[in-house]
Amino acid sequence: MVDVVRVMTALAEQGVTVLFKADAERMRDGVRSWTFVASGGPFHEDLLVRTDAISAEACLDICLPQLRERGLVIPE
């Protein structure tokens with residue numbers, strides 16, 4: 001399992017702004033209640049990586065490969 005704090009710290013150290021959100025209303029409705037957004041830093045102003053998923057882990061499974069493809073160093 002990926003350590004979310006380590007990932008967020010590693011990204012922040014590279015100049016990336018990271019947001020993780022758990023939405024209580026969406027959770028009650030049984031829909032994708034987690035949101036992950038990474039922007040800024042080495043990215044262009046209009047480029048960001050974002051997803052909504054059923055869990056924090058699912059968000060990372062989707063977004064971490066995209067961030068690595070852009071050259072960011074992310075701990076396993």
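The values are calculated or read from the model by the stated rules, or taken from the named source; none is laboratory data. Because the structure is a prediction, the values reported are computed rather than measured. Every residue, glycine among them, receives a Cβ derived from its backbone with ideal geometry; neighbour counts consider all protein chains shown. Just so you know, the surface numbers come from the protein's heavy atoms only, side chains and all, with ligands and any DNA or RNA stripped out. Shrake-Rupley method; radii C 1.70, N 1.55, O 1.52, S 1.80 Å.
May I ask you to give the solvent-accessible area per residue for segment 8-65, in square angstrom, as obtained with a 1.4 angstrom probe?
59 Å²
If you roll a 1.4 Å probe over the chain with all protein chains in place, what percent of the accessible area is carbon or sulfur?
Percent of accessible area from carbon and sulfur atoms in the chain: 53.
Which order do Ile74, Ile62 take by accessible area at a 1.4 Å probe, largest first?
Ile62, Ile74
Quickly rank 51-58, 26-33 as a protection proxy: mean count of other C-beta atoms within 10 Å, highest first.
Averaged packing, sorted descending, gives the order 51-58, 26-33.
Å³ per residue of the Cα convex hull, for segment 10-74?
That works out to 76 Å³ per residue.
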